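Chemist: Before I ask anything, here is the structure I am working with.
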Amino acid sequence: MPFKIKSLIFLALSLVFIFSDVCFAEVNNANSSSGILSFIEKGGFMMYPILFCSILVLGIGMERAYNLRRKNIIDADFLEKIRSYWNWDDIQLGLQLCTTHDTSLSRILKIGLLRFGGQLDEIERAIEGAGQHESSLLNSNLRILGAIANLTPMMGLLGTVFGMIKAFNVISQSGTGNPGLVASGISEALVTTAAGMIVGIPALALYHYFRAKIDRYVFEMEEISFQLVEELSYEAIQKKKESGKGKAK
């Protein structure tokens with residue numbers, strides 16, 4: 001397992017343990033017997049969308065970590081084969097190889113090969129367009145992750161507002177003679193704030209990590225494609241020069 005994926009798993013587990021410690025500390029302080037469910041209920045109804053968002057973060061993080069493995073984007077075996085088949089004499093071999101390998105790099109190279117024969121700048125523009133298309137595919141689900149990173153702290157703050165409203169309503173109705181009721185509203189406010197932060201911070205970290213990884217992949221794929229197309233174009237020019245010299249003789 002790659003080191004980066006191990007680090008992500010370790011981070012996720014650490015956050016789970018921290019969240020569990022906070023939950024059980026709150027549960028024990030309240031002498032509750034129903035465990036984590038009572039802690040969620042203590043945070044009010046805003047805890048349920050935050051909990052749903054935490055499940056989405058975990059699912060999207062695992063899905064993106066699996067699908068953004070290097071062999072799914074830039075397969076080293078495919079790259080080695082395409083270099084051996086990359087020649088002016090038979091472009092169809094390269095096209096067939098790109099068709100048989102379903103990776104982002106193979107699809108970008110296929111676009112370049114299909115445009116081969118035209119101007120070099122036109123081929124490069126086609127490769128850039130294919131790279132942008134692959135980038136949008138690789139960024140799938142990351143918009144949801146980014147939205148969760150922004151929304152969950154706001155949900156926590158909204159829960160804080162509701163909790164404080166509840167506390168001040170108690171004070172307005174019964175004064176400060178019942179601190180337990182006042183503390184219940186304040187506890188709700190603090191619990192939702194903490195839950196929103198605990199979900200939002202890892203979501204934001206994962207979002208930027210995956211975005212940076214995708215940007216590196218896209219840049220590398222475009223560089224490889226441009227290099228191979230330029231090599232093929234140079235080979236084509238050399239072939240034309242040799243054939244022109246042969247006719248001249």
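Chemist: Can you give the FRET efficiency for LEU51 and HIS208, using 1/(1 + (r/R0)^6), R0 = 22 Å, r = Cβ-Cβ distance, to the nearest 0.05?
Modeler: 0.40
Chemist: Oh, and also: Once you list every other residue whose beta carbon is under 12 Å from the beta carbon of CYS98, what net charge do they have if Lys and Arg are +1 and Asp and Glu are -1?
Modeler: +1
Chemist: May I ask you to compute the full-extension gain from LEU93 to GLN119, defined as 0.36 nm times their residue separation minus their alpha-carbon distance, rounded to one decimal in nm?
Modeler: The LEU93-GLN119 span can extend by a further 7.2 nm.
Computed from the coordinates by the stated procedures, all read-outs in this text should not be read as laboratory data. The structure presented is a predicted model; accordingly, all values stated were derived computationally and were not measured. Quick reminder, even Gly has a Cβ in these numbers, built from the backbone with ideal geometry, and neighbours come from all protein chains shown.
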